[in-house]
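Notes follow the structure.
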Amino acid sequence: MKKYSIITLLMIVLLCSCTSDKFNEDLEFPKTTWDMGREEIMKAWDLTEEDLTDFEREDVIVIQGHELFGEMTDSINFQFYDFGEDGTYELMQVFVNYPPDADMDHVSEEMQKIYGEPDPDMSFYYPYSALESLSVYETKEPGSMTNWGLGNVGDLIPAKEQEYYRGQWAFYQSGLNEDNWDEFKENSKLVRISLLTDGGWNRVEFNAANQMIYETIKNTLKD
């Protein structure tokens, strides 16, 4: 009986170890979930109004002096959006800016421990771009972009509702039209993380805009 108890204990320890190594598959920013609002972020990060930089907007939180992914940041910028236009602001994206001398290879290594291997073939589009045409974001320097992605927009949209989704999505995505809709929905991730080092600007972007846009359009079909 004692022998079996030891074996059972070892199995439990091994199972717990495997569970602790699980990646953050939802690509959530540390200490947060994508459905959090401003006050929930403040609580999760143990912030007070005195901790914030000089921003008095309900859709933005900017903090400084925090270490993240093994390196000290210049600033962390939480941005919220009310896609449903009902007064409910939810976390849409987070910009993490690092100083020029930050070791971004170290940041990448620490991120891979949390989010797994990046996707070398992934591309993305910025919504609300100043460009009138739909353009994949490209860096000027080879090897200066690393991406993680969750889910494809195209996998969730029923064939019979394609036209409706395209028409509605065009309000959020610059340059989107009938000719490039298929390209957009196949290339666009619902959630993405991008580590960018081009032009000496070291930054990490967490973005769930496409997931929120999809849910907003889907909810209009229920009305």
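The values are calculated or read from the model by the stated rules, or taken from the named source; none is laboratory data. In this text, all values refer to a predicted model and were calculated from it rather than measured experimentally. Quick reminder, even Gly has a Cβ in these numbers, built from the backbone with ideal geometry, and neighbours come from all protein chains shown. When the accessible area is computed, the model is the full protein with side chains, heavy atoms only, and any ligands, DNA or RNA have been set aside. Shrake-Rupley method; radii C 1.70, N 1.55, O 1.52, S 1.80 Å.
For segment 155-213, filtering for residues that are of a type outside the set (K, R), surrounded by 14 or more Cβ atoms within 10 Å (Cβ to Cβ) and not in a helix (DSSP H, G or I) leaves 23.
Scanning segment 33-56 for residues that are farther than 12 Å from Q79 by Cβ and open to solvent by 40 Å² or more (accessible area, probe 1.4 Å) yields T33, D35, E39, E40, K43, D46, T48, E49, E50, D51, D54, E56. No other residue among E40, E109, E71 is at pLDDT 95 or above, touching a His at 6+ places or on another chain (Cβ under 7 Å) and of a type in the set (D, E) apart from E71. Residues of segment 121-131 include none that is surrounded by 12 or more Cβ atoms within 10 Å (Cβ to Cβ), over 13 Å from L196 (Cα atoms) and in contact with an Asp or Glu (Cβ under 8 Å, 6 or more places away or on another chain). Look at segment 117-134: where a residue is within 15 Å of E186 (Cα to Cα) and modelled with pLDDT of 80 or more and a partner is open to solvent by less than 50 Å² (accessible area, probe 1.4 Å) and of a type in the set (D, E, K, R), sitting 6+ places away or on another chain with Cβ atoms under 6 Å, you get F124/R192. Taking the listed residues N77, N152, the one that is at pLDDT 95 or above, surrounded by 12 or more Cβ atoms within 10 Å (Cβ to Cβ) and polar (S, T, N, Q) is N77, with no other qualifying. Can you find a residue in segment 57-73 that is part of a loop (DSSP other than H, G, I, E, B) and buried (at least 16 other Cβ atoms within 10 Å of the Cβ)? Scanning segment 57-73 turns up at least one residue that is part of a loop (DSSP other than H, G, I, E, B) and buried (at least 16 other Cβ atoms within 10 Å of the Cβ). Here E90 clears all of (1) touching a Gly at 6+ places or on another chain (Cβ under 7 Å); (2) on the phi > 0 side of the Ramachandran plot except the condition numbered (2). In this entry, E109 is excluded by the filter for residues that are in a loop (DSSP other than H, G, I, E, B), of a type in the set (D, E, K, R), surrounded by fewer than 19 Cβ atoms within 10 Å (Cβ to Cβ) and more than 17 Å from the chain's Cα centre (by Cα).
Selection of segment 138-154 for residues being farther than 8 Å from D198 by Cα and in contact with a Gly (Cβ under 8 Å, 6 or more places away or on another chain) yields only W148.
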